[in-house]
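What follows is a single structure, written as structure tokens, with notes after it.
What follows draws every value from the coordinates through simple rules; no lab data is involved. Keep in mind it's a predicted model, so treat the numbers as computed, not measured. Positions of Cβ are backbone-derived with ideal geometry, glycine not excepted, and every protein chain shown enters the neighbour counts.
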Amino acid sequence: MVLELLVLPVWLLSTVQLVLVPLCFVLAWSLVVITAWNLISAVRDGVSRATVMHKIPCAECRYFTNDHRLKCPIHPKVALSESAIDCADFEHAGLI
Ligand code: SF4
């Protein structure tokens, strides 16, 4: 009697397989697609962030001191930040 209860009927197994196989297929590929999408998104964000950071002109400015205590005597709070992009006081260090 106990053994008869442990054996699942064939129709139940085939029904479960009919539901679980496509469901697991969709879930697995969804996981792959989400992971790939996150990787692509991270690379795209990193590239756009690097592009913005390379627009900061302070490293080539004659007023840049390269000292962490006072990076720039003209705009000390703005130096080496995104606010320094298009700084009106930028002068190329090579012009001295
Ligand atoms: S003057 Fe402007 S560009 Fe030059 S170091 Fe200071 S903040 Fe940067």
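Of note:
- Qualifying residue in region 59-69 (condition: without any contact (Cβ under 8 Å) to a residue 60 or more places away in the chain, in contact with a Cys (Cβ under 7 Å, 6 or more places away or on another chain) and among the β-branched types (V, I, T)): yes
- Here L8 fulfils each of the conditions (1) assigned to a helix (DSSP H, G or I); (2) more than 9 Å from the ligand (Cβ to nearest atom) apart from (1).
- Selection within region 74-96 - surrounded by 10 or more Cβ atoms within 10 Å (Cβ to Cβ), over 26 Å from the mean Cα position of the chain (by Cα) and in a helix (DSSP H, G or I): A93
- Residue within region 55-62 that is assigned to a helix (DSSP H, G or I) and loosely packed, with under 10 Cβ neighbours inside 10 Å present: no
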